[in-house]
């Protein structure tokens with residue numbers, strides 16, 4: 001299995017209204033010290049994701065950063081990403097494990113202790129837990145689970161746990177105290193006036 005630093009996991013965003021693209025977010029986040037970049041786009045076609053993914057993978061290789069594809073196992077395989085991340089409604093972990101090479105990381109989203117425990121026993125390599133706090137990055141986000149539930153998951157699940165949902169510089173310390181292995185952010189970077197600086201400050205706080 002590949003060695004991956006889960007500490008600062010930046011999820012890309014393509015938002016024409018804000019004038020930001022996946023490539024721009026990835027470029028700035030890598031420069032700022034992100035340890036993982038996840039390409040996530042629910043609207044783009046597979047061939048479009050493939051093209052963007054190849055560009056971001058190249059950037060990640062140059063910057064010493066791991067690269068994860070969201071949802072799409074086929075794209076992850078085609079571009080030889082470091083891993084794929086699955087939501088609760090995506091392909092099953094069992095099916096994904098059958099398709100991907102043994103050194104490709106598989107992460108799973110969990111919105112509760114029950115889902116986190118299930119993902120652990122099914123063989124996930126890491127779990128993205130959340131939303132921890134209120135978030136505006138996902139229209140269909142579940143209710144926040146809070147720090148107490150997060151701490152229970154960190155204490156009882158023996159694989160890396162990454163907190164997501166409403167993560168800001170102000171709550172990183174509380175998340176570290178809860179025992180997370182890393183934090184995943186979208187708006188904390190993509191909405192910043194200076195994405196490089198925002199990433200750098202988060203990276204320093206987490207370390």
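Any read-out appearing in this document is the output of simple, stated calculations on the displayed coordinates, not a laboratory observation. Just so you know, these numbers come straight off a predicted model, no measurement behind them. Don't worry about glycine lacking a Cβ; one is built from the backbone with ideal geometry, like all the others, and counts go over all protein chains shown.
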Arrange the peptides 24-33, 166-175 so that the one whose residues have, on average, the most other Cβ atoms within 10 Å appears first.
24-33, 166-175
If you take all C-alpha pairs in region 1-62, what percent of them are over 14 Å apart?
56
With r as the distance between the Cβ atoms of residue 142 and residue 23 and R0 = 30 Å, compute the FRET efficiency 1/(1 + (r/R0)^6) and round to 0.05.
0.50
Averaging the inverse of every distinct alpha carbon separation and then flipping it gives the Kirkwood radius. What is it for region 8-206, in angstrom units?
16.7
What whole number of Å gives the distance from the Cα centroid of region 2-37 to the Cα centroid of region 140-207?
15
Kindly give Rg over Rh for region 87-180, based on alpha-carbon atoms, with the Kirkwood expression for the hydrodynamic radius.
0.98
Relative to the present Cα-Cα distance, how much length would full extension add between residue 2 and residue 42 at 0.36 nm per residue of separation?
11.8 nm
Globularity index of region 56-141, i.e. its alpha-carbon radius of gyration over 2.2 N^0.38 Å:
1.13
DSSP beta bridges in the chain: the antiparallel percent, rounded to 5, is 5
State, to one decimal in nm, how far the label point of residue 193 lies from the label point of residue 80, with both points 7 Å from Cα in the Cβ direction.
4.3
Checking 20, 36, 68 against a Gaussian network model of the chain (alpha-carbon springs below 10 Å), the top fluctuating residue turns out to be 20
Do you know the relative contact order of region 8-206, to the nearest whole percent, from alpha carbon pairs under 8 angstrom that are 6+ apart?
21
